[in-house]
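Engineer: Mind looking over this structure? Questions follow.
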Amino acid sequence: MEDVIRKLYSLLMWAAQPFLRRKLQRRGQAEAGYLEAVDERFGVYSQPAEVRPELVWVHAVSLGETRTAGILLAALRKRWPGLRVLLTHGTATGRAEGAGLLREGDVQVWQPWDSEGAAARFFAHFKPRLGLLLETEVWPNTMACAQAQSVPVALVNARLSDKSLQQATRIAPLSRPAYARLSAVYAQSDNDAQRLRELGATVQGVFGNLKFDATPDEAQQAQGRAWRRALGQPVLMLASSREGEEDEFFKKIVALALSSRAQPAINTIAGAHLQILVVPRHPQRFDEVEALAVKHGLSVARRSAWNGAPQSADVWLGDSLGEMALYYAISDVALLGGSFAPLGGQNLIEAAACGCPVIMGPHTFNFAEVSELAEAAGAARRVADMDEAVRSARTMLSRPATQQAAADAGLGFATQHRGAATNTVQALAQFLDG
């Protein structure tokens, strides 16, 4: 039965390839990175074929997973200094970030499209000795080809939400064999482990989240704190915002400013000047978010235009990549993007590690465990909607002792949960020693 279902799936994936090419062309108009080496997605490579099975394949689909891969790779290379890596991605931002992780002898290509042909060509060309998938990426044909080529594959920093479990259960004839083919799974939490086991995965450990082992950039944090002190007024950040959230946020900010009796300035809330910072999740939306702010009558200063110091404006727009530590350090409170629309939230660990209190909406199902732990530790607060989030931020900013307590709780929370990288490396020794 499995063979029949996967053959039908494979036929659909083969037939969808022209549509994928067109989609990449459209996305490439906004992000040129999607037009790079498109044939790699279909198993056609310019890199020389490997003659020895020595590459360790690490798959990090997008920006967040790639940053997590950086934490894992640092720990792996400390234990095995000669490690050579085959790094794959699915998004342009992930690939751009991943380029900074490469060392001599490493290879970087796109994730193969999950057709039988593309996946088979990927394994035949590179011949990896081991596959490490970050967090969630388990594909039926890719896993079948790995098994056929005797390549062990582990799912590391693994997570699976209730929603994802329900979706996978609906296509159990495809999903269960794919998860069962994993040689090992190292889960973030007991709840993730239980859900993964329900899909037939072999869970060998629950190690926590690798993101806790990241060290936020010290220079960025120092710069952010210095700018915040020089500013002399609190900074409210909307972090990793998604479509629809910025418009609602700007509406609430303008409404509060207009209702303030202190003065008519747009950046006045409850009698205290307030600097707004918005950092969109996706770089292709920077221009769109700036236009939204202007539509609401707000002036904008983009990070890319700052010359040595932030420019005066109602809204600072964080239009750079790799500077989240700076943005969290300059902020007194951060609203968690992706959690005010039903998108599953974003990871709040970096905010906690930078000592920035978090206010999150109701939708954090993609990061349920860490969100609940942060809330229990006092590093994050949960609210019902954007209106309550802005009001809660206003209250916290008017109470410095409360803000400082939440910041300290975040630092303690981030420190307490470290250790996943060490445990993961020890577990992977079964595949890499010798």
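The values are calculated or read from the model by the stated rules, or taken from the named source; none is laboratory data. Keep in mind that what you see is a predicted model, and the values were worked out from it rather than measured. Note that each Cβ is placed from the backbone with ideal geometry, even for glycine, and that neighbours are counted across all protein chains shown. Accessible surface is based on the protein model in full, side chains and every heavy atom, while ligands, DNA and RNA are left aside. Shrake-Rupley method; radii C 1.70, N 1.55, O 1.52, S 1.80 Å.
Engineer: Could you tell me whether any residue of region 42-59 is of a type in the set (D, E, K, R), open to solvent by 70 Å² or more (accessible area, probe 1.4 Å) and touching a residue at least 40 places away in the same chain (Cβ under 8 Å)?
Structural biologist: Yes - at least one qualifying residue is present in region 42-59.
Engineer: Continuing with this model, one more query. Just the residues that are in a helix (DSSP H, G or I) and touching a helix residue (DSSP H, G or I) at 6+ places or on another chain (Cβ under 6 Å), please, taken from region 388-434.
Structural biologist: Of everything in region 388-434, those that are in a helix (DSSP H, G or I) and touching a helix residue (DSSP H, G or I) at 6+ places or on another chain (Cβ under 6 Å) turn out to be V390, M396, T402, Q403, A409, G410, F413, A414, A420, A421, V425.
Engineer: Residues to consider are L373, L321, L343; find the one that is touching a Pro at 6+ places or on another chain (Cβ under 8 Å) and surrounded by fewer than 24 Cβ atoms within 10 Å (Cβ to Cβ).
Structural biologist: On inspection, the qualifying residue turns out to be L321.
Engineer: Read through the list (1) in a helix (DSSP H, G or I); (2) in contact with a helix residue (DSSP H, G or I) (Cβ under 7 Å, 6 or more places away or on another chain), then give the number of the only condition that G64 fails.
Structural biologist: For G64, the failing item is (2).
For every residue, the table says whether it meets (1) under 13 Å from E40 (Cβ atoms); (2) open to solvent by 10 Å² or more (accessible area, probe 1.4 Å); (3) within 16 Å of the chain's Cα centre (by Cα).
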site: L87; (1), (2), (3): yes, no, no
site: T93; (1), (2), (3): no, yes, yes
site: A96; (1), (2), (3): no, yes, yes
site: G100; (1), (2), (3): no, yes, no
site: E104; (1), (2), (3): no, yes, no
site: F123; (1), (2), (3): no, no, no
site: P128; (1), (2), (3): no, no, no
site: L134; (1), (2), (3): no, no, yes
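Engineer: Moving to a separate point now. Please count how many residues of region 255-286 are modelled with pLDDT under 50 and assigned to a loop (DSSP other than H, G, I, E, B).
Structural biologist: Number satisfying all stated conditions: 9.
Engineer: Tally up the residues in region 378-395 that are open to solvent by 60 Å² or more (accessible area, probe 1.4 Å), among the hydrophobic types (A, V, I, L, M, F, W, C) and closer than 14 Å to P234 by Cβ, please.
Structural biologist: Total satisfying the criteria: 0.
Engineer: Let me ask something else. Cβ-Cβ distance below 6 Å, separation of 6 or more or different chains: which pairs start in region 192-205 with a residue that is under 15 Å from D162 (Cα atoms) and end on one that is open to solvent by 30 Å² or more (accessible area, probe 1.4 Å)?
Structural biologist: If the second residue must be open to solvent by 30 Å² or more (accessible area, probe 1.4 Å), the pairs left are D192/R159; A193/V206; L199/R176.
Engineer: Yes or no: G28 surrounded by 13 or more Cβ atoms within 10 Å (Cβ to Cβ), over 25 Å from E323 (Cα atoms) and not acidic (D, E)?
Structural biologist: Against the criterion (surrounded by 13 or more Cβ atoms within 10 Å (Cβ to Cβ), over 25 Å from E323 (Cα atoms) and not acidic (D, E)), G28 does not qualify.
Engineer: Out of all the residues in region 396-425, which are in contact with a Gly (Cβ under 9 Å, 6 or more places away or on another chain), open to solvent by 50 Å² or more (accessible area, probe 1.4 Å), among the polar types (S, T, N, Q) and within 30 Å of P81 (Cβ to Cβ)?
Structural biologist: N423
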